[in-house]
Each structure stands twice: as C-alpha cells, then as structure tokens.
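The values are calculated or read from the model by the stated rules, or taken from the named source; none is laboratory data. Note that this is a predicted model, so its numbers are computed, not measured. All Cβ positions, glycine included, derive from the backbone under ideal geometry; neighbour counts span all protein chains shown. Just so you know, the surface numbers come from the protein's heavy atoms only, side chains and all, with ligands and any DNA or RNA stripped out. Shrake-Rupley method; radii C 1.70, N 1.55, O 1.52, S 1.80 Å.
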Amino acid sequence: MDILKSIDEMRAKRKAWRAEGQTIGYVPTMGNLHDGHLSLLDLARTRCDRTICSIYVNPLQFDRTGDLDRYPRTLEEDIEKLEALGADALFVPDDSMIYPRGMAHATTVDVPGITNILEGAHRSGHFVGVATVVCKLFNLVQPHVAVFGEKDFQQLLVVKRMAEDLNLPVDVVGAATAREPSGLARSSRNGYLSDTERAQAAEIYRALCACAQALRDGERDIAALEKTGIRRLADAGFKPDYFTVRSTADLESPHDSESAVDWVVLVAAQLGKARLIDNLRVIDAP
Ligand code: PAF
C-alpha cells in the first residue's frame, strides 16, 4: 500500500490511476479504524478498480478542544489493517496542507438547512467543518465513488447535498451501519465506554428497533414514540440529546405525503464519557 504524505504525492497517484483508466473508490476517515470503516472500504472495492483511504483528524469539525485532543490516534495499527485488507493507498495530510493559512482564515463550505438541526444544533459549526474538509479532500483525491457510513446519517446527507450543489463529479454512496453482536453501532467513540457501559449501550439499538417496528405496524403518534424512546434511554442511564422520527429526504419532521418507509429514527445520547449516535430507517427495522 502506498502511503501518501504530501499533496504532490496524492496528485501524482491520482493522475497515474486516471491515466491508466482506473476508477477510484475513496473512504475518508479520521483513523482509529474498526470493522465499520473496513466495510466501507470493501464496498468501495466492489465499485472501483482502486481503493484509497485517508486519515485526517479534522480540527475544524470539533467544537470542543478537549474532544479533539482526546480523539484516538492509532496510525500504525490503522496502516496494518488497511494493508491486510488490500487497500491501494492511504493519504495522510497534515493541518498545514489542509488549512495552509490556518483554520481561522480558511474558505469554508456551508450547506444550508440540514446542518442546523439535530447534530448541527448540538455541535456548533460541526457540519461546516465536515463539508469543508470533505470538499477539499474530494478535490485532492478526485474519486469516482466516495463511501460514507449510514451511522452518520446526517453527515451522509450533508455530503450528498454538498456534492450535488457544487456539481462535484463524485458518486457519494452510503454503506449500512456495522454493528456489534449486541446491536451497538461500531464507532471509535465506543472505546470511551467501560465494559458495563458497553453492555448498557446496546439499549440504543433496542429502542430504535422498537420505535421503527411500531411505525411499520401503523403507529402514528410520533410524539408519544419519541417520548418513550427518550424515557427508555434515560431509564437505562443515558443522557439523551434527541430521539426523533424524521423524513429520510431532508431530516424534517415526517411529511404528511410520505409513508413510514420514508422515515428514519435518529438518536444521540451521552453515556459516561461517550456521546453516541445511531439511527434506523423504518424500512430496515429487523
Ligand atoms: O466521519 C468522519 O470520520 C469524518 O467526519 C470525515 C467524513 C472523515 C470528515 O472529517
């Protein structure tokens, strides 16, 4: 696997692949790779000739410095996992390449509407940080296909909309959430959980399934379902930020014209030191 540490190396690799007529599948990450990331790479590989991953912990998307400082950095292990998986290249830019004039002076990308709700309402400036870095990375890597996890459902929608609005020639694809046997969505933040909390955390998926199943069975008192979800998580020891049913198209409250198959249940809740997010589309209720 080629490890590309500069913008020149990244551009040379991409030019060479494109000159050979190879298609490029790309998975942007912040490292600390787990099976969830690896399944994104697997999907990229089924769609393209070459697969490339990037690891860059983007300071612009963190609203709390403490969160940025303690974000796990495990480059050596990540490289081993990518090599075992047969990725073709890894791009590891640093802050001076992504924000050459410093973050305070960076040109930024703001996707209106869907960025101010849910995660955007709880993490100020988060999605400007995500959209900006992903746009820059797309410009550097110039992939044909880019794969993002559906676990970050709102992020996936923001990136899709950004690519569409800015006419970027990339197909943004979502990959199903990888889960532990208990149902807990795989996430780098699970590393902040103690063993007891990890077992408790599976309650998120159970609450999502119960809500999605009720909607599929015809329940339409959404406010009551949301309240039940919040109560259930609070009883299990969480501090829930939201447990809500939204339209998959724009994350607004469900539209009258839609059927439940167009809805998604989204949750964010704090457990111990970890803020966990997850979601389940009604259509995917097990
Ligand atoms: O999902 C992530 O890991 C990050 O938000 C991303 C997409 C790599 C942008 O920094």
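General observations
- Residue match in the stretch 152-174 (condition: away from the ligand (no atom under 13 Å from the Cβ), charged (D, E, K, R), open to solvent by 20 Å² or more (accessible area, probe 1.4 Å) and not in a helix (DSSP H, G or I)): yes
- Residues in the stretch 263-274 that are surrounded by 16 or more Cβ atoms within 10 Å (Cβ to Cβ) and in contact with a strand residue (DSSP E or B) (Cβ under 6 Å, 6 or more places away or on another chain) were compared, and the one that is farthest from residue 230 (Cα to Cα) is 263.
- Annotation: residue 210 fulfils all but one of (1) at pLDDT 95 or above; (2) in contact with a strand residue (DSSP E or B) (Cβ under 9 Å, 6 or more places away or on another chain); (3) not in a strand (DSSP E or B); the unmet one is (2).
- Only residues that are in a helix (DSSP H, G or I) and open to solvent by 40 Å² or more (accessible area, probe 1.4 Å) were counted in the stretch 225-258, giving 8.
- Residues of the stretch 114-143 that are open to solvent by 30 Å² or more (accessible area, probe 1.4 Å) and either assigned to a helix (DSSP H, G or I) or within 10 Å of the ligand (Cβ to nearest atom) (or both): 121, 122, 128, 136, 139.
- Residue 123 being more than 30 Å from residue 12 (Cβ to Cβ) and either in contact (Cβ under 8 Å) with a residue 60 or more places away in the chain or among the charged types (D, E, K, R) (or both): yes
- Scanning the stretch 118-138 for residues that are within 19 Å of residue 253 (Cβ to Cβ) and not hydrophobic (A, V, I, L, M, F, W, C) gives 119, 120, 122.
- Among the numbered conditions (1) touching a Lys or Arg at 6+ places or on another chain (Cβ under 7 Å); (2) surrounded by 18 or more Cβ atoms within 10 Å (Cβ to Cβ), the only one that residue 179 does not meet is (2).
- Checking the stated criteria, residue 189 turns out to be within 14 Å of the ligand (Cβ to nearest atom), in a helix (DSSP H, G or I) and open to solvent by 10 Å² or more (accessible area, probe 1.4 Å).
- Counting only helices (runs of 4 or more DSSP H) that sit wholly inside the stretch 1-113, those with at least 1 residues that are open to solvent by 60 Å² or more (accessible area, probe 1.4 Å) and within 16 Å of the ligand (Cβ to nearest atom) are 35-47, 65-70, 75-85, 95-98.
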